[in-house]
Amino acid sequence: MRNTFIRTLSRMAGEDKKVCLITGDLGYGVLTNFWETYPEQFINAGVSEQNMTSVAAGMALEGNCVYTYSIANFPTLRCVEQIRNDVAYHNANVNIVSVGAGFAYGYLGMTHHATEDIAIMRALPKMVVFTPCDPYETEQVTVLSREIEGPCYIRLGKGGEKPLHTGDIKVELGKAIKLKDGEDTVIFVAGAIANEAIEASDILKEKGISCGVYSFPTVKPIDKDIINHFCGLMKTIYTLEEHNIVGGFGSAVCEVAAENGCGAKIDRLGINDEYVSAVGKQDYLRDLCGISGKKISEYILKAESGK
Amino acid sequence: MSEKKITSSELALKIRRDAIEMTHVSGGSHIACILSMADIIAVLYSDILKYDINNPEDSGRDRFILSKGHAGGGLYAALAEVGFFDVSELLTHCANGSRLSGHVSHKDVPGVEFSTGSLGHGACVASGKAMALKKAGSNARVYTVVGDGECDEGSIWETALFANHYRLNNLTLIIDHNKMQSLDYCENTIELGSLAAKFKCFGWDVIEVDGHNHAELKDAFLRPRTDKPRCIVAHTIKGKGVSFMENNILYHYRDPKDEFYDLAVAELEVEK
């Protein structure tokens, strides 16, 4: 995803000199081609995310479209007040890019688990929150962020995520995209963990449960229509995120469902309001938290069988 | 650009007088913080900054960001006195429905470059603007006033590194060095030592001045540029101009009430 992002951004930078990239001293190997090709549109702010974010706001208010880039919680939580006051309040054209959603850097430890960022970013007025699930969505989200004259948060996985979509898709602001059809139940998912939802759906199919999967590349604004549609159709909607279940994507879905007043139960799958101190790779930690394809399918099978 | 209708000493006095009135009427705070930087702001808006009151967003304007946003009343006063908006509006400061909040807000206020209030933000945004203007080949300059207590914030030192590294010599950071912060003298709070030596060590072109001496301030602003960002350490007195407010920590927060308001006004009347 990060390679797709930077490839897309490089293309945009070539077409538009106003597109600038600031890194907080991260992106070795990933950003190299960008800074060699567009040195005038690239800044390394050093290990200083607060200043990086304020500088980005200043540059954006002078007419640039600025992308701040770092990993995990550094470009978001570390400098959340700079994002709030300097970027969002001023509606500055800054796009915050974080690589390493959820447990992508799992083995590096809790400090590098990006597991509260959706909640905090979506709480900021004016902020658009993008959670692409695969390289196709990443490319379109990156292009879309340029078209929005205001702050965006782009939450990326890491590297090596496989394409999940087949054929043509079109990412639109506030629109979910179908990954799989299903008759019995549905999983709404935000981000690269969508591959686990697909795996769960495949396992469930073998068990006789037809489970749809929808990707939400934009958590804010969120696709109210699709939520309301399935609220009227299903007894239970499952939400899936590699993020704390408090305040994140599942919570956003609950808000819409509650406002609509319809009866579907929203079952939020994610990290159950805890810090994960276990050591391991992304797959291992997902499984530990019950959000691997296998664990999700077991959970849904049990829940759906009990109805 | 701007017509020079007002001298820096006239403007400084008006800022002080307006600020006493504004904080008195609103019950707002930070009067001493405004008085300490009144001369710096007055010199900037009378002699240094390029701006057009009829076109506040003119691309050729110099950018000014008040990083110590709690002294916003002083900036509003300067903007009104040079003609960005009507002076009578100053008395709405902090009132319900006013556009003049206690800390600086750019929303609908002509002449305000950037909203501040949380410390350690404005100086960094100023670096970003300086960077963008430099890249764009603009001759416009960027000025920012920070408090000395504000230098407790780590982000000030992040941008001190950044502005030097990128040789932002279109940036001038003025420290209103009144030696006091919220609860006590700076040195009793978090020892700052020599701010001039610190910024010099960070690579900046540093000039120390008496922050109430307009000639020294003007000289520091106009001195030829090196390839480095400029830091002007302006030694000031907190509460300057009203004897009982000077170096009195009480007036960081207290507004001038009752007889103290009359006394303050009387002292500033004598200055006229």
Exercise for review: Output the number of the condition that B:Lys218 fails; it satisfies all remaining conditions of (1) of a type outside the set (Phe, Trp, Tyr); (2) over 16 Å from the mean Cα position of the chain (by Cα); (3) surrounded by fewer than 21 Cβ atoms within 10 Å (Cβ to Cβ).
Suggested key: (2)
Study note, to complete from the structure: Among strands (runs of 3 or more DSSP E) entirely within segment A:19-109, at least 3 residues that are in contact with a Lys or Arg (Cβ under 9 Å, 6 or more places away or on another chain) occur in A:65-71, A:94-99
Review point. Looking at B:Lys50, is it within 14 Å of another protein chain (Cβ to nearest Cβ) and either basic (Lys, Arg) or in contact with a helix residue (DSSP H, G or I) (Cβ under 9 Å, 6 or more places away or on another chain) (or both)?
Key: no
Point to revise | The lone exception for A:Leu9 - which of (1) within 14 Å of chain B (Cβ to nearest Cβ); (2) in contact with a Phe, Trp or Tyr (Cβ under 7 Å, 6 or more places away or on another chain) it fails | key: (1)
Point to revise | Verdict on B:Val125 being without any contact (Cβ under 8 Å) to a residue 40 or more places away in the chain and under 23 Å from A:Asn85 (Cβ atoms) | key: no
Revision key, fill the gap. When every residue in segment A:206-227 that is assigned to a strand (DSSP E or B) and touching a Leu at 6+ places or on another chain (Cβ under 7 Å) is compared, the one farthest from A:Glu259 (Cα to Cα) is A:Cys211
Exercise for review: For residues that are surrounded by 23 or more Cβ atoms within 10 Å (Cβ to Cβ) and more than 9 Å from chain B (Cβ to nearest Cβ), tally how many sit in segment A:72-91.
Suggested key: 6
Check your understanding: When segment A:105-135 is examined, which residues are found to be over 19 Å from A:His243 (Cα atoms) and either without any contact (Cβ under 8 Å) to a residue 40 or more places away in the chain or out of contact with any Pro (no Cβ under 9 Å at 6 or more places or on another chain) (or both)?
Key -> A:Pro125, A:Lys126
Review point. How many of the residues in segment B:62-93 are more than 20 Å from B:Leu217 (Cβ to Cβ), outside any helix (DSSP H, G or I) and either under 19 Å from the mean Cα position of the chain (by Cα) or polar (S, T, N, Q) (or both)?
Key: 4
**Study point:** Condition met for A:Leu61 (surrounded by 20 or more Cβ atoms within 10 Å (Cβ to Cβ), more than 14 Å from every other protein chain (Cβ to nearest Cβ), more than 21 Å from A:His112 (Cα to Cα) and not acidic (Asp, Glu))
**Key:** no
Review point. Give me the pairs: first residue in segment B:248-263 and of a type outside the set (A, V, I, L, M, F, W, C), second residue modelled with pLDDT under 85, beta-carbon distance under 8 Å, and six or more apart or on different chains, which are they?
Key: B:His252/B:Ser29; B:Tyr253/B:Ser29; B:Arg254/B:Ser29; B:Asp255/B:Gly27; B:Asp255/B:Gly28; B:Asp255/B:Ser29
Practice item. Kindly list the number of the only condition in (1) touching a Cys at 6+ places or on another chain (Cβ under 6 Å); (2) under 19 Å from A:Leu269 (Cα atoms) that fails for A:Gly157. Key: (1)
Check your understanding: So which of B:Asn178, B:Asn170, B:Asn188 ends up being of a type in the set (S, T, N, Q) and farther than 19 Å from B:His252 by Cβ?
Key -> B:Asn170
Point to revise | Qualifying residues in segment A:146-205 (those that are part of a loop (DSSP other than H, G, I, E, B) and in contact with a Gly (Cβ under 6 Å, 6 or more places away or on another chain)) - the one surrounded by the fewest Cβ atoms within 10 Å (Cβ to Cβ) | key: A:Asp181
Exercise for review: Run A:Tyr69 past the list (1) touching a Ser or Thr at 6+ places or on another chain (Cβ under 7 Å); (2) within 14 Å of chain B (Cβ to nearest Cβ); (3) aromatic (Phe, Trp, Tyr) and report the number of the one that doesn't hold.
Suggested key: (2)
Point to revise | Identity of the residue in segment A:29-43, more than 13 Å from A:Tyr67 (Cβ to Cβ) and in contact with a Ser or Thr (Cβ under 8 Å, 6 or more places away or on another chain), that ends up farthest from the other protein chains (Cβ to nearest Cβ) | key: A:Asn33
Study note, to complete from the structure: Pairs returned, first residue in segment A:285-298 that is under 14 Å from A:Ile245 (Cβ atoms), second residue that is hydrophobic (A, V, I, L, M, F, W, C) and crowded, with 16+ Cβ neighbours inside 10 Å, beta-carbon separation under 6 angstrom, 6 or more apart or interchain, are A:Cys289/A:Ile271; A:Ile291/A:Leu269; A:Ile296/A:Ala200
Practice item. Could you run through segment A:44-58 and say how many residues are more than 23 Å from the chain's Cα centre (by Cα), crowded, with 24+ Cβ neighbours inside 10 Å and hydrophobic (A, V, I, L, M, F, W, C)? Key: 2
Exercise for review: For segment B:66-104, name all the residues that are without any contact (Cβ under 8 Å) to a residue 40 or more places away in the chain, closer than 17 Å to B:Tyr143 by Cα and within 14 Å of another protein chain (Cβ to nearest Cβ).
Suggested key: B:Val104
Exercise for review: Output the residues belonging to segment B:12-56 that are at pLDDT 95 or above, of a type outside the set (S, T, N, Q) and assigned to a loop (DSSP other than H, G, I, E, B).
Suggested key: B:Leu49, B:Lys50, B:Tyr51, B:Asp52, B:Ile53, B:Pro56
Check your understanding: Which pairs do you get when a residue that is closer than 25 Å to B:Asp210 by Cβ, found in segment B:158-177, comes within reach of a residue that is modelled with pLDDT of 95 or more and among the acidic types (Asp, Glu), reach meaning Cβ atoms under 7 angstrom, with the pair 6+ apart or on two chains?
Key -> B:Asn169/B:Asp227; B:Ile175/B:Asp148; B:Asp176/B:Asp148; B:His177/B:Asp148
Revision key, fill the gap. The condition of being in contact (Cβ under 8 Å) with a residue 24 or more places away in the chain, within 11 Å of another protein chain (Cβ to nearest Cβ) and part of a loop (DSSP other than H, G, I, E, B) holds, among B:Gly111, B:Gly117, only for B:Gly117
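The values are calculated or read from the model by the stated rules, or taken from the named source; none is laboratory data. All values derive from a computational prediction rather than experimental measurement. As a convention, Cβ positions derive from the backbone with ideal geometry for all residues, glycine included, and neighbour counts pool all protein chains shown.
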